[in-house]
Structure formats: structure tokens, C-alpha cells
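*Asks:* A single structure is presented below for examination.
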Amino acid sequence: NGTTGVSLVQDGVVTAADLASGAITSAALPSDSVLQIVSFRTSANATVSSTSYTSTGVSASITPSSASSKILVIATPSFYEYHNTSNTRTFFFQLLRDSTQLYIFGGYSSGGTASNGFFYSHLDANTTYLDSPATTSSVTYSITGKVSDAANSTDIRCNADGASSTLTLLEIAG
């Protein structure tokens, strides 16, 4: 058993000197270790009222250290749907890596709380996705949204009333 550097790290003891010496590198870590974390939080308002996918303003970029790494995407957006009818409305979101669609999710809202002639309801759009981008170039993950129809003044409001959305990216060793 060694007393410094990689030998000591293999013994399960990590010191400040080990970290400073560079003895711990991503290559030395086992599979499934978290290599880096990027977190993006926004409270900027955005409105989606189109039947085509439109930016919600929720996005974050990461540069994987290895092409074999996976990226765990954890999205906790704050979306509300507003409309002037109590009928059921359908909404859709998609998770993108750059321009590649990775995942589609959505649901229905019906009724909701009436306010000034409009109904609104919280949209549960939290999602987790494990991606394998197979690159060491920067990649951007984003969420876009669309409404099922633009009738009845239907729109999705992002970060309404001071709420915020978070997108967290974890690089996982392959």
C-alpha cells in the first residue's frame, strides 16, 4: 500500500494533497461515477402559444470529458397552462440535445382555477432522461413546448408569478 497519490486513493482514502496532485482524474474513476455537474436555473418569463414547438427558455450546455460518458438530464420546469375555456386542453413538451429530439412528454389539463375569465392549471413537466451523446464537444439540452390548438387563447406560461425552472446535467463515466 502506498502513502501518496494513486496508491492511497486506491486504498479508499482521499486527501487534499491527492486532489492537488491530480492523482484523481476522470480516467481513474470507476464506471457510473459523476464526473461533472452543470445546473441552470431561470425565472425569466416565456410564453408558448404556438402549435409548433417553441423555446421555453429552459436550456443548459455541457462538454463531456469522454465520448463514452452518459449525461443524466434532470428537468424541473415551472409551466402553467392558461386558457379561456374549462374544456380539457392538451400540451406537449420535447427534450432536445442540440436539434435532436430525445423525448416527448405531455399531458392534459382540464378546468383549473378561474381568474379574470381565464382558467389556469399547473403542468407537471418534470422529467429525467439518460442520454449517450457520444461526443466530447459541447452539447446543449433544452425543453420546447407547444399547445394542441391555439383556440380559446391557450398558452403555456413558463415561470409565471415568480416561479423558476431548473435543468441539471450530470456527466456519468461510461
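*Asks:* Pull out all pairs, ordered by first then second residue, where Cβ-Cβ is under 6 Å, the residues are six or more apart or on different chains, the first lies in the range 156-172 and is outside any strand (DSSP E or B), and the second is buried (at least 20 other Cβ atoms within 10 Å of the Cβ).
*Replies:* 159/78; 159/165; 163/78
*Asks:* So is residue 111 modelled with pLDDT under 75 and not in a strand (DSSP E or B) or not?
*Replies:* Answer is yes for this residue.
*Asks:* Going through the range 120-133 one residue at a time, which ones are part of a loop (DSSP other than H, G, I, E, B) and open to solvent by 60 Å² or more (accessible area, probe 1.4 Å)?
*Replies:* 124, 126, 132
*Asks:* Out of 136, 76, 63, which single residue is in contact with a Pro (Cβ under 6 Å, 6 or more places away or on another chain), hydroxyl-bearing (Ser, Thr, Tyr), surrounded by fewer than 18 Cβ atoms within 10 Å (Cβ to Cβ) and modelled with pLDDT of 90 or more?
*Replies:* Unique residue meeting the criteria: 136.
*Asks:* I would also like to ask the following. For the range 48-60, give me each residue that is in a strand (DSSP E or B) and either among the acidic types (Asp, Glu) or surrounded by 15 or more Cβ atoms within 10 Å (Cβ to Cβ) (or both).
*Replies:* 48, 54, 56, 57, 58, 59, 60
The values are calculated or read from the model by the stated rules, or taken from the named source; none is laboratory data. What you see is a predicted model, and the numbers here were worked out from it, not measured in a lab. Please note: Cβ atoms are built from the backbone with ideal geometry, for glycine as well, and neighbour counts cover all protein chains shown. Just so you know, the surface numbers come from the protein's heavy atoms only, side chains and all, with ligands and any DNA or RNA stripped out. Shrake-Rupley method; radii C 1.70, N 1.55, O 1.52, S 1.80 Å.
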